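Chemist: Please find one structure pasted underneath; my questions will follow.
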Amino acid sequence: MPLNLFNSLTRSIEPFAPMNPDRVSMYVCGPTVYNYVHIGNARGPVVFGVLARLLRRHYPKLVYARNITDVDDKINQAAIDQQVPITAITDKFAAAYREHMGALGVDLPDLEPHATAHIPQIVAMCERLIEAGHAYAAEGHVLFAVETYPEYGQLSRRSTDEMLAGARVEVAPYKRNAGDFVLWKPSTPELPGWDSPWGRGRPGWHIECSAMCEAAFGDTIDIHCGGIDLQFPHHENEIAQSVCAHGGQPFARWWLHNGMLNMDGRKMSKSLGNVFRIDEVLSTHPAEALRLALMSAHYRQPLDWTDGLIEQCVRTLDRLYGTLRDLVGIDAKVGAIPEAVESALLDDLNTPQALAALSAIAAEARKADTDADRARLKSDLLSGGFALGLLQQDPAAWFARGTEGSALDAAAIDARVQERHAAKLARDFARADAIRKELADQGIEIEDTPQGPRWKVAAK
């Protein structure tokens with residue numbers, strides 16, 4: 001079965017075929033590192049990380065890049081406010097981003113280009129655009145002349161008037177047209193800056209990704225990914241400046257955009273006060289449940305983020321890890337991805353269908369009555385989980401989550417569970433019930449099974 005992906009540029013699902021199977025290129029817009037990112041910022045890295053794993057199974061020589069934007073007005077302001085160099089801000093939050101993505105099971109990219117490491121490439125691209133008549137210098141700025149690129153707006157399907165009406169357009173006397181956007185801008189002494197033909201300055205946001213893509217992959221890349229909120233103006237501007245800088249060559253052959261997270265039906269945004277920082281969410285919920293939640297809807301659709309969704313994902317993982325715990329004595333390893341899981345992912349990264357297939361495998365495993373079937377299905381469960389970045393920890397670790405460093409650690413819980421079991425065997429039901437209540441008061445649930453008593457941390 002071929003890999004079919006929805007291309008935002010053509011608004012259709014198309015069979016994916018790379019330009020060069022020996023070097024498949026994929027670029028994902030990364031964070032601007034001025035603060036901790038919010039949980040909505042994690043959806044793209046999670047779902048497109050699944051895509052990277054999928055691509056790598058079919059094209060082992062995939063090169064996956066995810067950038068770090070480490071020069072930006074918000075970074076500059078944070079550095080001024082704290083009276084530190086911008087690197088004190090960017091290094092801290094880039095490290096935090098990697099840590100938090102790792103907690104969510106997101107693989108590191110093959111390349112992690114930083115904007116500040118590509119200033120020469122940015123300046124060179126600006127010079128080429130000026131030489132080709134697609135950009136102009138004015139009062140220390142370099143601006144892209146939108147009217148020189150007739151296809152502007154093709155990705156977002158917006159007319160120039162619509163784009164101007166819907167964008168925060170800076171009114172500036174040095175602009176030839178209101179829609180022209182900044183490629184380079186001057187820096188004052190207190191701001192970071194680099195020498196250029198137009199004086200000391202710094203890059204605009206959009207040109208950074210174009211230059212980093214060019215440095216990593218050349219004129220054209222196979223797949224470009226990002227949130228739907230970046231489609232305009234960021235991705236629209238990337239296309240315009242890259243195509244014009246490369247003599248009309250296409251910039252990206254496939255554009256993939258993930259939907260946004262909503263809270264109570266409204267987009268998660270700082271202006272609405274409904275943003276949840278990822279470090280805060282990770283401190284209160286299991287990371288694997290958050291990962292599952294981010295994959296629970298198709299990546300192109302909006303996702304309603306609620307406590308109920310996370311609780312549901314915890315229960316789902318309880319069932320899946322419970323199945324693996326029941327099979328703990330069965331020898332099985334990660335192998336080939338089960339066909340039902342792989343075919344779902346090949347169908348435009350249909351993670352809900354892949355998750356349903358994983359649950360079906362677990363249900364079949366619970367009914368298996370031979371060791372051979374149990375081993376096969378356990379391997380399928382682990383392998384399907386690997387494709388989705390799930391079920392790779394020891395089941396005991398999953399069920400013991402949250403007990404680390406507490407007064408009641410896993411060993412103490414085990415001892416109390418066995419004490420209760422002994423009380424039941426001795427028909428001392430009052431003692432058994434008292435231990436159950438004691439543990440329940442501390443957030444521990446006991447489950448009596450044919451294989452003996454099991455325990456888990458109760459969902460919050």
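The values are calculated or read from the model by the stated rules, or taken from the named source; none is laboratory data. Treat the numbers as computed from the prediction; the structure is a model and nothing was measured. Cβ sites come from the backbone with ideal geometry, for glycine too, and all protein chains shown count toward neighbours.
Chemist: If a residue has to be aliphatic (A, V, I, L, M) and farther than 30 Å from Trp255 by Cα to count, how many in segment 346-379 make the cut?
Modeler: 9
Chemist: Further question on the same structure: Would you confirm, using the coordinates I've provided, whether Ser383 is among the small types (Gly, Ala, Ser) and surrounded by fewer than 20 Cβ atoms within 10 Å (Cβ to Cβ)?
Modeler: For Ser383, the condition - among the small types (Gly, Ala, Ser) and surrounded by fewer than 20 Cβ atoms within 10 Å (Cβ to Cβ) - is not met.
Chemist: Among the candidates Glu131, Glu139, single out the residue that is among the acidic types (Asp, Glu) and within 20 Å of Ala211 (Cα to Cα).
Modeler: Of Glu131, Glu139, the one residue that is among the acidic types (Asp, Glu) and within 20 Å of Ala211 (Cα to Cα) is Glu131.
Chemist: Something else now. Checking the condition more than 19 Å from the chain's Cα centre (by Cα) and either outside the structural domain of Glu208 (by TED's automatic domain parsing) or within 20 Å of Gln241 (Cα to Cα) (or both), which residue from Asp91, Asp180 passes?
Modeler: Values: Asp91 fails: either outside the structural domain of Glu208 (by TED's automatic domain parsing) or within 20 Å of Gln241 (Cα to Cα) (or both).
Exactly one residue qualifies, and that residue is Asp180.
Chemist: Looking at (1) in contact with a helix residue (DSSP H, G or I) (Cβ under 8 Å, 6 or more places away or on another chain); (2) modelled with pLDDT of 95 or more; (3) part of a loop (DSSP other than H, G, I, E, B); (4) over 30 Å from Arg23 (Cα atoms), find the lone condition where Gly199 falls short.
Modeler: In the conditions (1) in contact with a helix residue (DSSP H, G or I) (Cβ under 8 Å, 6 or more places away or on another chain); (2) modelled with pLDDT of 95 or more; (3) part of a loop (DSSP other than H, G, I, E, B); (4) over 30 Å from Arg23 (Cα atoms), Gly199 misses (1) alone.
Chemist: Is at least one residue of segment 274-288 closer than 30 Å to Tyr149 by Cβ and outside any helix (DSSP H, G or I)?
Modeler: No, that holds for no residue.
So that you can scan it fast, the table gives a plain yes or no per residue for (1) part of a helix (DSSP H, G or I); (2) within 20 Å of Ser159 (Cα to Cα); (3) among the β-branched types (Val, Ile, Thr):
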position: Leu183; (1), (2), (3): no, no, no
position: Leu191; (1), (2), (3): no, no, no
position: Met212; (1), (2), (3): yes, no, no
position: Ala215; (1), (2), (3): yes, no, no
position: Gln231; (1), (2), (3): yes, yes, no
position: Glu238; (1), (2), (3): yes, yes, no
position: Val243; (1), (2), (3): yes, yes, yes
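Chemist: Let me ask something else. Listed residues Arg325, Arg376; which is more than 23 Å from Val106 (Cβ to Cβ) and in contact with a helix residue (DSSP H, G or I) (Cβ under 8 Å, 6 or more places away or on another chain)?
Modeler: Just a single option satisfies the conditions, and that option is Arg325.
Chemist: Residues of segment 64-110 being surrounded by fewer than 18 Cβ atoms within 10 Å (Cβ to Cβ) and under 23 Å from Ser25 (Cα atoms), which ones?
Modeler: Residues satisfying the conditions are Arg98, Gly102, Asp107, Leu108, Asp110.
Chemist: State all residues of segment 94-108 that are over 15 Å from Leu294 (Cα atoms), free of Cβ contacts under 8 Å to residues at least 60 places away in the same chain and assigned to a helix (DSSP H, G or I); if no residue qualifies, say none.
Modeler: Ala95, Arg98, Glu99
Chemist: Can you go through Leu303, Leu355 and tell me which one is outside the structural domain of Asp229 (by TED's automatic domain parsing), under 16 Å from Leu390 (Cβ atoms) and among the aliphatic types (A, V, I, L, M)?
Modeler: Leu355
Chemist: Report whether or not Pro250 is on the phi < 0 side of the Ramachandran plot, outside the structural domain of Glu214 (by TED's automatic domain parsing) and either touching a residue at least 60 places away in the same chain (Cβ under 8 Å) or surrounded by fewer than 15 Cβ atoms within 10 Å (Cβ to Cβ) (or both).
Modeler: no
Chemist: If you don't mind, another one. Quick one: which of Gly259, Gly265 is more than 25 Å from Phe181 (Cα to Cα), out of contact with any strand residue (DSSP E or B) (no Cβ under 6 Å at 6 or more places or on another chain) and surrounded by fewer than 17 Cβ atoms within 10 Å (Cβ to Cβ)?
Modeler: Exactly one of Gly259, Gly265 is more than 25 Å from Phe181 (Cα to Cα), out of contact with any strand residue (DSSP E or B) (no Cβ under 6 Å at 6 or more places or on another chain) and surrounded by fewer than 17 Cβ atoms within 10 Å (Cβ to Cβ), namely Gly265.
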